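Trainee: The structure under discussion is supplied below as structure tokens; questions concerning it will follow.
The values are calculated or read from the model by the stated rules, or taken from the named source; none is laboratory data. No experiment lies behind these values; they were computed from the predicted model shown. For neighbour counting, all protein chains shown are included, and Cβ atoms are generated from backbone atoms with ideal geometry for every residue, glycine included.
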Amino acid sequence: MRVVIDSNIFVMCMNNSSSYHVIFKKLVQGNYMLCVTTEIIFEYTEVFQRKFNSVKAEMLTDFLNESPYVKNTDVFFKWDLIEEDNDDNKYVDCYIASYADFLVTNDKHFKILTEGVYPKVNCVNIDDFLNILDR
């Protein structure tokens, strides 16, 4: 299963005491493939540095660059499907380019993708993704 995860969701999974930490654990165990782009890794790193100490942020970035369960994807076409927040399009473009199964986000800007846009993007929220992993 290939998955793209919005940075806000990914940060929620990093806290050991969070009920969502299992999402990160399942990534480490190879239960799914996290699809990223260089641009997404940069955003993850930026958010990690704000939310965690620099050592933890560096460890997480190293994991993303070295894990066999993280697939770095090249995006050759920008779809620009989300006009309200252009920065969110990096996740959509990665989803399409990597042939991902799910894009995990709680961001309201992604709602436009459920309104019959082409190409179809299978967005799920964090709770739905947690249920998918539990199947």
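Trainee: Of the residues ASP93, ASP87, which single one is under 14 Å from the mean Cα position of the chain (by Cα) and modelled with pLDDT of 90 or more? Spell out how you get there, then give the answer.
Mentor: Numbers: ASP87 fails: modelled with pLDDT of 90 or more.
None of the others qualify; the one that does is ASP93.
Trainee: Okay, next question. Of the residues that sit in the range 24-43 and are under 16 Å from ALA100 (Cα atoms) and part of a helix (DSSP H, G or I), which one is nearest to the chain's Cα centre (by Cα)?
Mentor: Of all residues in the range 24-43, those under 16 Å from ALA100 (Cα atoms) come to 27, 30-37, 40.
With part of a helix (DSSP H, G or I) added as a condition, the list becomes 27, 40.
Details: LEU27: 11, ILE40: 8 Å.
Restricting to residues being under 16 Å from ALA100 (Cα atoms) and part of a helix (DSSP H, G or I), the top hit is ILE40.
Trainee: Identify, please: which residue in the range 96-135 is part of a loop (DSSP other than H, G, I, E, B) and modelled with pLDDT of 85 or more and is, among those, surrounded by the fewest Cβ atoms within 10 Å (Cβ to Cβ)? Talk me through it step by step, then tell me what you get.
Mentor: Step one: of the range 96-135, the residues part of a loop (DSSP other than H, G, I, E, B) are 98-101, 105-107, 115-122, 125, 135.
Within this subset, residues satisfying the condition of being modelled with pLDDT of 85 or more are 98-101, 105, 125.
On the way: SER98: 21, TYR99: 9, ALA100: 24, ASP101: 16, THR105: 24, ASN125: 14.
For the range 96-135, the residue satisfying everything is TYR99.
Trainee: Give all pairs with beta carbons closer than 6 Å in which a residue from the range 31-46 that is more than 21 Å from HIS21 (Cβ to Cβ) meets a residue that is buried (at least 17 other Cβ atoms within 10 Å of the Cβ); count only pairs at least 6 apart in sequence or on separate chains.
Mentor: Taking only residues 6 or more apart or on different chains, the pairs are THR37/THR73; THR37/VAL75; THR37/CYS94; GLU39/LYS90.
Trainee: Filter the range 72-84 down to the residues that are modelled with pLDDT of 80 or more and surrounded by fewer than 16 Cβ atoms within 10 Å (Cβ to Cβ), then identify the one that is farthest from MET1 (Cα to Cα).
Mentor: Start the filter on the range 72-84 by keeping residues that are modelled with pLDDT of 80 or more, which leaves 72-76.
If we keep only those that are surrounded by fewer than 16 Cβ atoms within 10 Å (Cβ to Cβ) too, we end up with 72, 74, 76.
Working: ASN72: 15, ASP74: 18, PHE76: 22 Å.
Going through the qualifying residues, I end up with PHE76.
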